[in-house]
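J.: First the structure, which I've put down as structure tokens, then a few questions once you've had a look.
The values are calculated or read from the model by the stated rules, or taken from the named source; none is laboratory data. In this text the structure is predicted, and so the values were computed from the model without any measurement. Every residue, glycine as well, gets a Cβ built from its backbone with ideal geometry; the counts of neighbours run over all protein chains shown.
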Amino acid sequence: MPDGVTGTGIGAAVKRVEDQRFLTGRGNYTDDINRPGQTYAYVLRSPHAHATIKSIDTAAASAASGVVAVFTGADMEVGGLPCGWLIHNEDGSPMHEPPHPPLAVGKVRHVGDQVAAVIAESLAEAKNAAELIKVDYGVLPAVMNMKAAEAGGTLVHDDIGTNKCYDWGIGDKDAVDAALAASAHVTEIDIVNNRLIPNAMEPRAAVADFNGANSEYTLYTTSQNPHVIRLLMGAFVLSLPEHKLRVIAPDVGGGFGSKIFLYAEETIITWASARIGRPIKWTADRSEAFMTDAHGRDHVTHAKLGIDANGKFTALKVETYANMGAYLSTFASSVPTYLYATLLAGVYTTPVIYANVKAIFTNTVPVDAYRGAGRPEASYLLERIVDRAARETGVDQLEIRRHNMIQPDAFPYQTPVALSYDSGNYQATLDSALSLGDVPGFPARKAASAAKGLKRGIGYSTYIEACGIAPSAVAGALGARAGLYESAEVRVHPTGSVTIFTGSHSHGQGHETTFAQIVSDQLGIAMENIEINHGDTGNVQFGMGTYGSRSLAVGGTALVKATGKIIAKASKIAAHIMEASADDIEFKDGNFTVAGTDKSMAFGEIALAAYVPHNFPHDELEPGLDETAFYDPANFTFPGGTHICEVEVDPETGVVKVDSFTAVDDIGRVINPMIVEGQVHGGVAQGIGQALLEGCSYDSDGQLLTGSYMDYTMPRADNLPTFKVATQSTLCTHNILGVKGVGEVGAIGSPPAVINAIVDALSDLGVKDISMPATSSKVWQAIQDARG
Amino acid sequence: MPTVSMTVNGKPVSGEVEARTLLVQFLRDQLRLTGTHVGCDTSQCGACVVHIDGESAKSCTMLALQADGAAVTTIEGLADGETLHPMQEAFRNNHGLQCGFCTPGMVMSAIDLVKKNPKASETEIREWLEGNICRCTGYHNIVKSIQEAAGNMGG
């Protein structure tokens, strides 16, 4: 599609509509919202990783200055926070789903678990009163090590009799074992995918406001999917009908997955608001965010890759332990299964694959989706084991990849782990990246580094991901308890301006711009006449929200479907007014024209005729111009690409500098290249963060050692290079726009490129592996160990 | 409670505060200037950066009473009507923001950098931003924005 008539159509690097308010301090984030008569909640949290609650004495707190109410688990007889995906064990039995009460009942299971909620006139008074609550804990040993926990001993959830949530498998185990036994070479690897803490810059917050006059609840909350929050909270926890619960996710300051989930605090204050008859605000401080936002990753894996005498991959066998934390978060169970093991073919033709995943409860913060969610774990495993296989078999890093890649003419390509890739050209993204990253110049740069006493290395990652998880029927058969469609309403106003209601939610992605570009392109009207409305269940018909890079592929397609309905109806109106057959009406550049004539009506004229229907085909159509579409995709989309990292390592200090990072991604059709590049930059920064800097750490007692920005290393500007980013597109074959998704590619593709680069830099010293995060001390130690 | 008086975005303001009230709390909760954000509790993320008598400072790390008599500028005070300050304009032009939460602090911090070091190199810009954390952009476009603004601000 060419640029739209307004110059703001598909493919144009349009400056963002939303920036004016963000740049002038007029964003409207949840903590910016205040309601008349508002009170403040403070949540008293467990200082222990694992303990029984023998008693809680709230008398002094209840009597303290400014306190309105104090609630504990005994007061809050509601449903538990539900899990949205039922996984079945290999033997066919269902996973364990232990209760997840919003306020702890009988036991606390991680540091930060909610013990009591204090509601007061001010936050300071709520905090002061919380210090007066006397909790008598019976401290228990903390369950921290997944493999030890699998064996039994202390149980996180006594009632289920095990610490294993599920033991799941995919693929043909016998065929894999046979193929490995027959392979000329088998490469093995032990991989830890480090636990990460998402750290959206806006801490979670919520304002709950119960209106007793009509028994309606309004909840403002930091969510990526307000309709899902309404559904889960209303139907499963608080037993509220959805028409009495309005959930608004206003401007949200980043999510990265952590704001998908239904959390205890928003649930507690919604419930409590009705109990006290006043609005309640709760805002996490950063310390609370560290110990309550769902964490990401945390896999321990052993894998084997078989290779035949011709260098072809024969089989892949993967055994993974996945940490669930103390409770099942909303989509936790799906991440190490259908979002991980199904990606283990990567871009390669490995004919047989088997993966077993054991999900384990521990006394840690729940683990759930974080940017990439399962797919970074798959790509890290694959690209590390391929890198090692190349070194073990003496094959060039690029040659082993090219030799095993799915060919451009092989699509659709059915993998042995359920997915069917619709399109891609992995050779093209690789070639493009080699050029953009000036790989031919690497030897000269390596020599220049060596002259400075530095070890330079280059690392590759040719990755794939799956976005826009779908279709609903298939996901449902695999255990999903939600649909995976999206909806859009196009409301044309009488004078021709348009309001879009989308179930997608923007928390940094720029939908107000990208979605308006699509509508501008489709309807031929100017961007300034298009408003994107999202994030309010009181306005938007329904929606599944934004996660898994799904907004454009699913929500954008729903939007195009709805605009198509508008054009179809408007064409009939135009035909009636211009006394022509609807088949003869052509719509182009915002004008309806009778083919072969100069008779034409503008979009705005048709809009007016629809709402002032004096000359209108009443026998055929209803007045008005307002259409809704739901779209349930036929398949995932499959972005992929090549990331190349060059590092310089100082062998004397172990300090790693990312000297250059090149990403060429195939994300399908690009709507706004400026926004696309920004998404890649951010994802790569998080991937480099995982590879070099970030790692959640607990001690053996379950105390969180990385509980602030003083302990958890967030990537800063001086940790990162200027990125080299480009796209190389093949179109998605099963959505109208041909789009694939871009939000996660950076975080999925980059970590193995970084680690492979470090291993490359140090390989001549004998270093074969570096675990993430590759801190300077870890790198220095690896050098010392290799030197003996 | 003690009374604090200061000039905020050119207007004289005063209010009663507790001795422990932080400047950011005074700005957000009492003056309802919610453009200044709180992203951490250890004085590291920089979402709360404002200008105190022309110098960038973290408003979560000083008491409201410490700003008594000072001239405070927040993100709301930069633009001239709807005409953006060159730093704001450069962030818009270079896609230097995504979710917008760190942005006010980034912009305020960046203006102080350009004032102090109008010809800052990329390395100097990146090092200056040590005290401002962004989770969305990977800093790539923030650095570009600051470079462009420095040129437009006469650097």
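J.: Which residue, of B:GLY10, B:GLY81, is more than 7 Å from chain A (Cβ to nearest Cβ), free of Cβ contacts under 8 Å to residues at least 60 places away in the same chain, over 15 Å from the mean Cα position of the chain (by Cα) and at positive phi?
T.: Going through B:GLY10, B:GLY81 in turn, just one is more than 7 Å from chain A (Cβ to nearest Cβ), free of Cβ contacts under 8 Å to residues at least 60 places away in the same chain, over 15 Å from the mean Cα position of the chain (by Cα) and at positive phi: B:GLY81.
J.: Hey, among the residues in the stretch B:22-37 that are within 9 Å of chain A (Cβ to nearest Cβ) and farther than 19 Å from B:SER56 by Cα, which one's surrounded by the most Cβ atoms within 10 Å (Cβ to Cβ)? Break it down into steps so the answer makes sense when it comes.
T.: Of the residues in the stretch B:22-37, the ones within 9 Å of chain A (Cβ to nearest Cβ) are B:28-29, B:32-37.
This time we only want the ones that are farther than 19 Å from B:SER56 by Cα, so: B:29, B:32.
Details: B:ASP29: 17, B:ARG32: 10.
Once the filter is applied, the top-ranked residue is B:ASP29.
J.: Within the stretch A:91-142, track down each residue that is within 14 Å of chain B (Cβ to nearest Cβ) and under 34 Å from the mean Cα position of the chain (by Cα).
T.: A:LEU123, A:LYS127 - these are the residues of the stretch A:91-142 that are within 14 Å of chain B (Cβ to nearest Cβ) and under 34 Å from the mean Cα position of the chain (by Cα).
J.: Now for a separate question. So, in the stretch B:89-106, of the ones that are more than 7 Å from chain A (Cβ to nearest Cβ) and crowded, with 24+ Cβ neighbours inside 10 Å, which residue ends up nearest to A:VAL676 (Cα to Cα)?
T.: Across the stretch B:89-106, the extreme among qualifying residues is B:GLY96.
J.: Could you tell me whether A:ALA74 is within 20 Å of A:ASN128 (Cα to Cα), surrounded by fewer than 23 Cβ atoms within 10 Å (Cβ to Cβ) and among the aliphatic types (A, V, I, L, M)?
T.: Taking the combined requirement at face value, the residue does not satisfy it.
J.: Within the stretch A:695-711, is even one residue farther than 28 Å from B:THR123 by Cβ, of a type in the set (Phe, Trp, Tyr), in the same structural domain as A:VAL684 (by TED's automatic domain parsing) and not in a loop (DSSP other than H, G, I, E, B)?
T.: Yes.
J.: Name the single residue that is surrounded by the most Cβ atoms within 10 Å (Cβ to Cβ) among those in the stretch A:611-648 being in the same structural domain as A:GLN728 (by TED's automatic domain parsing) and more than 30 Å from A:GLY468 (Cβ to Cβ).
T.: Going through the qualifying residues, I end up with A:VAL647.
J.: A follow-up question, please. Counting only residues that are charged (D, E, K, R), surrounded by fewer than 23 Cβ atoms within 10 Å (Cβ to Cβ) and within 30 Å of A:LEU86 (Cβ to Cβ), how many does the stretch A:428-484 have?
T.: Adding up the residues that qualify gives 1.
J.: Is there any pair linking a residue in the stretch B:124-136 that is within 7 Å of chain A (Cβ to nearest Cβ) to one that is surrounded by fewer than 23 Cβ atoms within 10 Å (Cβ to Cβ) and of a type in the set (Asp, Glu), with Cβ under 6 Å and at least six apart or on different chains, and which?
T.: B:ARG126/A:ASP718; B:GLU127/A:ASP718
J.: Report, by residue number, each residue of the stretch A:258-281 that is away from every other protein chain (no Cβ under 12 Å), of a type outside the set (Ser, Thr, Tyr) and closer than 30 Å to A:GLY374 by Cβ.
T.: A:ILE260, A:PHE261, A:LEU262, A:ALA264, A:GLU265, A:GLU266, A:ILE268
J.: Looking only at the stretch A:178-206, count every residue that is within 14 Å of chain B (Cβ to nearest Cβ), in a strand (DSSP E or B) and out of contact with any helix residue (DSSP H, G or I) (no Cβ under 9 Å at 6 or more places or on another chain) and tell me the total.
T.: The total comes to 0.
J.: Taking the stretch A:603-631 on its own, how many of its residues are in contact with a helix residue (DSSP H, G or I) (Cβ under 7 Å, 6 or more places away or on another chain) and assigned to a helix (DSSP H, G or I)?
T.: Number satisfying all stated conditions: 4.
J.: Would you check which residues across the stretch A:18-41 are over 18 Å from B:HIS37 (Cα atoms) and either part of a loop (DSSP other than H, G, I, E, B) or facing chain B (nearest Cβ under 7 Å) (or both) and list them?
T.: Once the filter is applied, which keeps residues that are over 18 Å from B:HIS37 (Cα atoms) and either part of a loop (DSSP other than H, G, I, E, B) or facing chain B (nearest Cβ under 7 Å) (or both), the stretch A:18-41 yields A:ARG35, A:PRO36, A:GLY37, A:GLN38.
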